[in-house]
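Nothing in this text is a laboratory measurement; each read-out follows from the coordinates by a stated rule. Because the structure is a prediction, the values reported are computed rather than measured. We place every Cβ from the backbone using ideal geometry, glycine too, and count neighbours over all the protein chains shown.
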């Protein structure tokens, strides 16, 4: 069983335990096919979410530097983009413990955080997240293909509840 299949099975178990409202929220934010849009193998992304989709490094229009610290904060903690913009989020861990940056909707981050509390040693990787060891950097290349308000967070046990979150505003094209 691959990691994505394991994650879906665990999310399914969480949804079953949480009931219909969580199932509805997770269904609305899960991956869906998006043929024809740039971003992955053969210029057809394998996944799309309410907050966007993996971007092509060739399409990046700007790079945003984000610092993570052991005070459980991101700097900056608020980001603004235009719908359709592809960006590189370069994340640096300035702390002494592991941190991560996960993109999502509030509902998706809440569900994922609950899953991480239940299975704190769970290892996983998705295109909308990056795990960064102390003193190291990582990045996400992302296309914000939908307008709206989204979030980013560190979902490592205790970090999310300590307030390690940020806001993303994606506006319509001008």
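Stretched out straight at 0.36 nm per residue, the stretch from residue 64 to residue 83 would grow longer than its current Cα-Cα span by 5.2 nm.
Run the paramagnetic zone check for residue 96: 7 angstrom along Cα to Cβ, then residues of the stretch 56-83 with backbone nitrogen under 13 Å. Answer for the stretch 56-83: 70-71.
For the stretch 42-174, the convex hull drawn through the C-alpha positions has a volume of 104 cubic angstrom per residue.
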